[in-house]
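Participant: Okay, here's the structure, questions in a sec.
Coordinate-derived values only; no laboratory data. Predicted model, so just to flag it, every value in this text is computed and none were measured. All Cβ positions, glycine included, derive from the backbone under ideal geometry; neighbour counts span all protein chains shown.
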Amino acid sequence: MPGIHDCKCILVIGATSGIAGRRQDRLDELAKMGLKTVQLDVAADRETLINSILVKVLKKYSDLDAVVFSAGIQLRFDFRKPEEIDINVLNLALVNELNTNYLAIVTMIVNSALAIIPGPSVPNYSAAKAALRSLCLSLDAQLQDKSVHVIEIIPPLVESELHDKQGTTERLSKIWMPLNEFVDGVMEGLGRGDMQIAVGMAASSHERFESGKMDLTFWLRCEKKEFERRAALTPTTSKKLIDSGFKIFVERDEQRIFDDSEYESVGCELVEHNSWPHAPVNVPIIGLKELPVSDAPLPHTHVQFAHCYKQQAGWSDVLARFYRGKGTLYDLEFLNDEHGRRVAAFGFHAGFAGAAAGALALASQRNGGKKLGHLEPYANEEAMVKDVKEKLGGSGKGVKALVIGALGRCGRGAVDLFRKIGLDEDDIVKWDMAETAKGGPFQEILDVDVFVNCIYLTSRIPSFLTEEQIAAAGKSRRLRVVVDVSCDTTNPNNPIPIYSVNTTFSDPTLPVNVGPGNPPLSVISIDHLPTLLPREASEQFSSDLLPSLLVFPERQSARVWTDAEKVFQEKLAAAVKAENL
């Protein structure tokens, strides 16, 4: 977001003393220093303040793009003698007017640590500051479409003339923060573009308050990967989290299979599309696929599939962003239960959809050697099975398929699809670790129509299939389609080294160089196949993930999260070394 260095003209309200001083002599001193000064009576009634005073200021300084609100009155009050309870937030009308009806890029509101821990002797002031804190958060969320950024500055007890008037200077001077140190801390935060700048002793109070509050919060971000329609949180699981005391923010997203209204109807709060970078830093961000490529630091906690723990292409660049931003990554692929099994995975639907795509590619080849065209997500499993069978001429009978990794979730999904489209059981060859233990390449792969790779790769193994093997088979090769559901395309240990790029839903197949006169061979290597069944895949995954999300507030002790963070720290250390950070 914009920082203080991006501002051209700054209006500082309360510049002479900060505590309703209204000192003309100090305005005169500022004028001698070359600064422009105005008298702005924030205690005036709303109509006068906005229609008279404010309009004149804005006409005179048309390039105004930043406002610092530092005006307030701290009155002592005793609830045991309440003549009136006066929580004065009426002057905030000025804040609203400037932000909603005038263009500004940055609004800086000076609050107080008393908004977090109230002072017993100044209850009105503390309550007003708490209201101001709520306003800061609400304004920033509501004004994102106006490119207005609201910064909350939270000072501790700071050196001030206020204490002279109250007769407390001698006592408080022993514990207050020197003014110059406070200014340095604020300017450092403004230079970074921080949204909340807590300084000195206020920083620890703010951190404890925010971390406790945000432990029961998730921010569902939109997915930026093309054609990705799945969601880590569905309306169903969001409702269960809300019922358990969580607050769920959901970014608006037209690409997602679930309508925004489905989330809103169960109590989620909708926020602007792709607004997560501006979310409070203590709010965990949850999504599915990788973030767009960037070198911007990542200060948040992210729960997602990052695909950077197996030294895939660009792995250290991704982790370096977390290092620079001091953020944390909980990779969904590495959330395991006490038995070492993944708590949630899209494996079944990945295998199911991958087998379907392979069958569709085979049908296209049989239909005059055509290339498989654009793939669109299906409304449900029934629609997918029906379409695949129709493309194969009514049934998959006669097609022979080999599934490696058949005992895992992914493999079971592939086998299930082949059964449902009508393959004979004898034509579904099911291999797992026992069958591949002898090491490849495997001739048996060449003797089927469709080969589906569903293994979970953890280390280097002999290749299952090679270009040399394919070339040697010549015209005798039956194999027509390879579906690499595992999609370890850029992994140096990829056991199917016959291709080097991923395919997409818009261009799902990649031809393999088989030499002149030989039958065609295509590879499908789409790395988010489950989105062919986005609603069902999301519901299953999110439901499986829910128990772990419910214990997220105890992530410092809950094993599923402590183990995942340990892996992150190990991979982060490797990235730091690789990048010489």
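Participant: Which of the aspartates and glutamates could a cross-linker span from Lys371 if the Cα-Cα distance has to be under 14 Å and same-chain partners fewer than 8 positions apart are dropped?
Facilitator: Asp507
Participant: Could you give each residue of the range 25-37 its phi-based ³J(HN,Hα) in whole Hz, using Karplus coefficients 6.51, -1.76, 1.60 with θ = phi - 60°, and x for Gly or Pro?
Facilitator: Those phi angles translate into 4, 6, 4, 4, 5, 5, 5, 5, 7, x, 8, 7, 10 Hz.
Participant: Here's a follow-up. On alpha carbon coordinates alone, what is the Rg over Rh value for the range 315-388, Rh being the Kirkwood radius?
Facilitator: 1.19
Participant: Show me the GluC sites (Glu not before Pro) within the range 285-356 that DSSP assigns to loop and that have at most 16 other Cβ atoms within 10 Å of their Cβ.
Facilitator: When the GluC sites (Glu not before Pro) of the range 285-356 are filtered for loop state and at most 16 Cβ neighbours within 10 Å, Glu338 remain.
Participant: Would you mind checking which residues have amide H under 5 Å from Ile151's amide H? H placed 1.01 Å from N; only 5 or more apart, or other chain.
Facilitator: Residues meeting the amide H criterion: Thr107, Met108, Ile109.
Participant: Once you sort the root eigenvalues of the Cα gyration tensor of the range 506-581 as a ≥ b ≥ c, which label holds: rounded (a/c under 1.5), prolate (a/b larger than b/c) or oblate (the other case)?
Facilitator: oblate
Participant: Which percent, nearest 5, of DSSP beta bridges in the range 347-532 are antiparallel?
Facilitator: Beta bridges within the range 347-532, antiparallel portion: roughly 10 percent.
Participant: For Lys247, which sequence-distant residues (separation of 5 or more, or a different chain) have an amide H within less than 5 Å of its own amide H, given hydrogens modelled in the peptide plane?
Facilitator: Amide H to amide H, under 5 Å and 5 or more residues apart or across chains, Lys247 pairs with Thr217, Phe218.
Participant: Tell me, what ³J(HN,Hα) does each residue in the range 323-330 have, in order and in whole Hz, if you take phi through Karplus 6.51 cos²θ - 1.76 cosθ + 1.60 with θ = phi - 60° and put x for Gly and Pro?
Facilitator: Result, ordered by residue: 5, 5, x, 6, x, 10, 10, 10 Hz.
Participant: A further question follows. Please enumerate, by chain and number, the lysines with C-alpha under 23 Å from the C-alpha of Lys60, excluding those fewer than 8 residues away in the same chain.
Facilitator: Lys8, Lys32, Lys36, Lys146
Participant: Can you flag which of Lys56/Lys129; Lys389/Lys430; Lys289/Lys326; Lys400/Lys420 are past 23 Å Cα-Cα?
Facilitator: Lys56/Lys129
Participant: Considering only the other residues whose Cβ falls under 14 Å of the Cβ of Asn494, what net charge follows from Lys and Arg at +1 and Asp and Glu at -1?
Facilitator: -2
Participant: Provide Leu220, Leu64, Leu407 in ascending order of the number of other Cβ atoms located within 10 Å of each residue's Cβ, fewest first.
Facilitator: The order, fewest Cβ neighbours first, is Leu407, Leu64, Leu220.
Participant: From the P(r) of the range 347-532, can you give the percent of Cα pairs sitting at distances over 26 Å?
Facilitator: 21
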